[in-house]
Amino acid sequence: MFARPSTPRPIIARARVDRSRATTTTSDGRACRYTAHDARKLKIFSAHVRDHLDGKLPRFRDVATLARWDHEDAGERDGVPVGLWWNELNNSKCEERLKRLRNVDADSKHALEYLETCVFREDGHAYMYTAHAARKLKIFSAHVRDHLDGKLPRANDVATLARWDHEDDGEREVQVGQFWYKLNHSTGQERLKRLRKFDEDSKHALEYLETCELRKFKARGRNAK
């Protein structure tokens, strides 16, 4: 028996795929979607800081109840980790991500510019401490203006003031000289900075007090008055 001649297989031309280009296109598309996702979150975050946090950036562990966070049609959900999100966005490894956000549209650019002017919220203890100091500062400023002829008290001066220890406190003798001295001590610079940014009344009180001079010490001896 003779062997049956083999039939040659047809040659099929295969188109060469430029995989590097396909990968780049896919990568660019993914980056575009990711940036659009970030841009939506950025605008929601910026509005939350402006409208609900008095222009203060959230602390690292802060959460919020926000709508449209996960996608455009998402309803409100609790526990959105806004503090962690902002921290990660400003991580040194995310500079390219920030650059893309700044260039995605005008609203994203303006949101970032606004957020860059904001300061962080203080923790609960520091906030209460600052609110306490702010009340004292306003009482002290009014005392200097109304009872000391615009002159700052001396280090050992005392005064009888109400509301010093808490809002409902009655009058008591207060070491106003020590309060002002300690507030302006080198270790109190961070405290002064927080007070200046706490509210408009505190800022104006500090600005006024910084224009005042210290009271002169009483002369000693026979000619003292």
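Of the residues making up segment 164-183, those that are over 16 Å from Val144 (Cα atoms) and either in contact with a Leu (Cβ under 8 Å, 6 or more places away or on another chain) or hydrophobic (A, V, I, L, M, F, W, C) (or both) are Glu171, Arg172.
In contact (Cβ under 8 Å) with a residue 24 or more places away in the chain, touching a Phe, Trp or Tyr at 6+ places or on another chain (Cβ under 8 Å) and among the hydrophobic types (A, V, I, L, M, F, W, C): does that describe Val176?
Yes; evaluated as a whole, the condition is true for this residue.
Would you mind finding the one in Ala162, Ala126 that is at pLDDT 85 or above and of a type in the set (Gly, Ala, Ser)?
On the way: Ala126 fails: at pLDDT 85 or above.
Only one candidate passes the filter, namely Ala162.
Considering each residue of segment 45-73, count those that are assigned to a loop (DSSP other than H, G, I, E, B), basic (Lys, Arg) and surrounded by 14 or more Cβ atoms within 10 Å (Cβ to Cβ), and give that number.
Pass one, segment 45-73, residues assigned to a loop (DSSP other than H, G, I, E, B): 53-55, 58-63, 67-73.
Remaining after also requiring basic (Lys, Arg): 59, 61, 68.
Filter once more, so that each one left must be surrounded by 14 or more Cβ atoms within 10 Å (Cβ to Cβ): 59, 68.
Summing the residues that are assigned to a loop (DSSP other than H, G, I, E, B), basic (Lys, Arg) and surrounded by 14 or more Cβ atoms within 10 Å (Cβ to Cβ) in segment 45-73 gives 2.
Regarding Val104, is this residue in contact with a Pro (Cβ under 6 Å, 6 or more places away or on another chain) and either modelled with pLDDT of 90 or more or of a type outside the set (Gly, Ala, Ser) (or both)? So Val104 does not fit the description; no.
For segment 163-208, the tally of residues that are in a loop (DSSP other than H, G, I, E, B) and either touching a strand residue (DSSP E or B) at 6+ places or on another chain (Cβ under 6 Å) or surrounded by 13 or more Cβ atoms within 10 Å (Cβ to Cβ) (or both) stands at 7.
Quick one: is Ala111 of a type in the set (Gly, Ala, Ser), closer than 15 Å to His37 by Cβ and out of contact with any helix residue (DSSP H, G or I) (no Cβ under 7 Å at 6 or more places or on another chain)? Break it down stepwise before answering.
On the way: of a type in the set (Gly, Ala, Ser): yes; closer than 15 Å to His37 by Cβ: yes; out of contact with any helix residue (DSSP H, G or I) (no Cβ under 7 Å at 6 or more places or on another chain): no.
Answer is no for this residue.
Taken over segment 112-123, the criterion of being under 16 Å from Ala64 (Cβ atoms) and either at pLDDT below 80 or over 18 Å from the mean Cα position of the chain (by Cα) (or both) is satisfied by Phe120, Arg121. For segment 40-67, the candidate set comprises residues that are more than 11 Å from the chain's Cα centre (by Cα) and of a type in the set (Asp, Glu); within that set, the residue that is farthest from Val82 (Cα to Cα) is Asp51.
For residues that are under 17 Å from the mean Cα position of the chain (by Cα) and under 13 Å from Ile44 (Cα atoms), tally how many sit in segment 84-111. Number satisfying all stated conditions: 4.
The values are calculated or read from the model by the stated rules, or taken from the named source; none is laboratory data. Just so it is clear, the structure is predicted and the values come from calculations on it, not from any experiment. Don't worry about glycine lacking a Cβ; one is built from the backbone with ideal geometry, like all the others, and counts go over all protein chains shown.
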